[in-house]
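Trainee: The following block contains the structure, expressed as structure tokens.
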Amino acid sequence: MKKLLALLLTGTMVLSLGACGGGGSDSGSSDSGSSDSGSSSGTTLRLVNGKIEVDEQLKKLASVYEEETGVKVEIESMGGGVDIQGTLKGYYQGGNMPDIFVNGSIPDFENWEGMLVDMSDQAWVSDTDQAYVDEEYGTIGFPYTVEAIGLSYNKNILDQAGIDPASITGPDSLRQAFETLEAKKDELGLTAVVGYCAEVASLYWSTGNHLFANYLDAGLDRDDTTYIDMLNDGGQIDTDRMTDFAEMVQLFQEYSDPSLLVSGTYDQQILNFASGKYAFVTQGSWIGATMTSADADAYEAAGNFEVGMIPYTFEEGIDTILTNAPSWWSIYSESENVDAALDFIQWCSESTAQQILVEEAGFISPFKSCEYVASDPFAQTITDYQNAEKTSAWHWLEMTEGLAQNYTGQVFGDFAAGNLDVDGFVSTMQQVLQSAYAG
């Protein structure tokens, strides 16, 4: 499969699936209780969903669609420990493929090379920047939600400190904000200005993928591949840009929680942010689900504060966050119901379906025309960036396999441990990247 234009973070998918609840699959019809009006049209679609926690909401979606069109949509939800792609391969071998199914990573799409419908001519495509597009096969993935990478903040704390997030436009203003917060730390009840963790064994994905992604894409147009192209050409970097990036990381280290900097866990990092102990945290929008579920009591005790997100402004004028769909729905090209599946996918991008997906399933809409905003703490800020067209892509997903776990994550860890200065971070990063790509 040729170079991909819109991709998914496998690590993020792991986190998302990890939050899906119990294992097993729920194979069956829409269970809506409505009459089987699908029989009047003779059309029944089957959709394999990878987020079992929204099974009930998707079945409601299917019920509404059946009432409107007479077309029945059977929702088959899988989650927890289920190997979705393995199950789909079994369906393929048994001649039992669904009409629509979820794909959540580059290898997922590669499993179905040449077997997915190109949806490039559909109306919904012009309404989103989050479709999965392949240079050879076209638009083969429909986005149903979106996630974002940016520097997350507690708006209540920034308000109390007199800091306008919009005033943070570069490294100088970022440092000034950190210094202001540090001076008022006791008054604000903060443990640290920023929750930044560079633990190597289990948080390499946070530093080596998500944070490093900003070196590759922050401030760029979504189709700008300058730095990922350099990286994939033998592990090259722009040393000036990498130096600016390293200075921002050094700032995080300076104002982080020292007890978690090199040995903290993801759970501790998010719990402390949800508890109001950090003004900023170096995690993306997926933490909203944790804050309102596992950490709900701590978040409520901290006042259910409003959150937001600013770009990683390691160079003056960087004004984008990084957004992408965590997974997509694709249409099997050998299905007897391709046209009906295309109609259903189009309907899912429109108002009636969007209201269900956003307000009931809690998805953050990837569609610019959507008038609904999810209850997720980060939904509004992502919607605002999308509407302002201030988003960059996730080209870090095109990095060579295992780069974060085996190479870049360790460099962030050594930097946090004090084994490297800024110049050392840049030179070591250059060395390990060249080594990774030479291999």
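Trainee: Assess whether Thr169 counts as being polar (S, T, N, Q), free of Cβ contacts under 8 Å to residues at least 24 places away in the same chain, over 18 Å from Val307 (Cβ atoms) and open to solvent by 40 Å² or more (accessible area, probe 1.4 Å).
Mentor: Working: polar (S, T, N, Q): yes; free of Cβ contacts under 8 Å to residues at least 24 places away in the same chain: no; over 18 Å from Val307 (Cβ atoms): yes; open to solvent by 40 Å² or more (accessible area, probe 1.4 Å): yes.
Here the answer is no, as Thr169 does not meet what is asked.
Trainee: Can you find even one residue in the range 78-85 that is part of a helix (DSSP H, G or I) and more than 30 Å from Ser293 (Cα to Cα)? Break it down stepwise before answering.
Mentor: Pass one, the range 78-85, residues part of a helix (DSSP H, G or I): 84-85.
Now restrict to residues that are more than 30 Å from Ser293 (Cα to Cα): none.
Taking every residue of the range 78-85 in turn, none turns out to be part of a helix (DSSP H, G or I) and more than 30 Å from Ser293 (Cα to Cα).
Trainee: Of everything in the range 67-106 that's in contact (Cβ under 8 Å) with a residue 60 or more places away in the chain and among the acidic types (Asp, Glu), which residue is most open to solvent (accessible area, probe 1.4 Å)? Walk me through it before giving the result.
Mentor: Filtering the range 67-106 down to residues in contact (Cβ under 8 Å) with a residue 60 or more places away in the chain leaves 68-69, 71, 73, 79-80, 87, 97-106.
Right, trim to among the acidic types (Asp, Glu) and you get 68, 99.
Details: Glu68: 103, Asp99: 15 Å².
This residue is Glu68.
Trainee: Oh, and also: One residue is enough: does the range 360-370 have a residue meeting the conditions part of a helix (DSSP H, G or I) and modelled with pLDDT under 95? Don't jump to the end; show me each part of the working.
Mentor: Pass one, the range 360-370, residues part of a helix (DSSP H, G or I): 360.
Of the ones still in play, those that are also modelled with pLDDT under 95 are 360.
Checked the range 360-370: at least one residue is part of a helix (DSSP H, G or I) and modelled with pLDDT under 95.
Trainee: Within the range 147-166, is there a residue that is open to solvent by less than 10 Å² (accessible area, probe 1.4 Å) and without any contact (Cβ under 8 Å) to a residue 60 or more places away in the chain?
Mentor: No, the conditions are met nowhere in the range 147-166.
Trainee: Just to be sure before I move on: is Asp384 without any contact (Cβ under 8 Å) to a residue 40 or more places away in the chain, closer than 24 Å to Leu260 by Cβ, charged (D, E, K, R) and not in a loop (DSSP other than H, G, I, E, B) in the structure I sent? Walk me through it before giving the result.
Mentor: Working: without any contact (Cβ under 8 Å) to a residue 40 or more places away in the chain: yes; closer than 24 Å to Leu260 by Cβ: no; charged (D, E, K, R): yes; not in a loop (DSSP other than H, G, I, E, B): yes.
Judged against the criteria, Asp384 is not a match.
Trainee: Filter the range 116-146 down to the residues that are open to solvent by 10 Å² or more (accessible area, probe 1.4 Å) and aromatic (Phe, Trp, Tyr) and list them by number.
Mentor: Within the range 116-146, Tyr137 is the sole residue that qualifies.
Trainee: Being open to solvent by 40 Å² or more (accessible area, probe 1.4 Å) and assigned to a helix (DSSP H, G or I) is the filter; apply it to the range 419-429 and report the residue that is nearest to Glu401 (Cα to Cα).
Mentor: Here the residue is Ser427.
Trainee: For the range 174-203, which positions are touching a Lys or Arg at 6+ places or on another chain (Cβ under 8 Å) and open to solvent by 20 Å² or more (accessible area, probe 1.4 Å)?
Mentor: Within the range 174-203, Gly189, Thr191 meet the criteria.
The values are calculated or read from the model by the stated rules, or taken from the named source; none is laboratory data. All figures in this text were calculated on a predicted structure; none of them were measured in a lab. So basically every Cβ, Gly included, is an ideal-geometry build from the backbone, and we count neighbours across all protein chains shown. Ligands, DNA and RNA are excluded from the accessible area calculation, which covers all protein heavy atoms including side chains. Shrake-Rupley method; radii C 1.70, N 1.55, O 1.52, S 1.80 Å.
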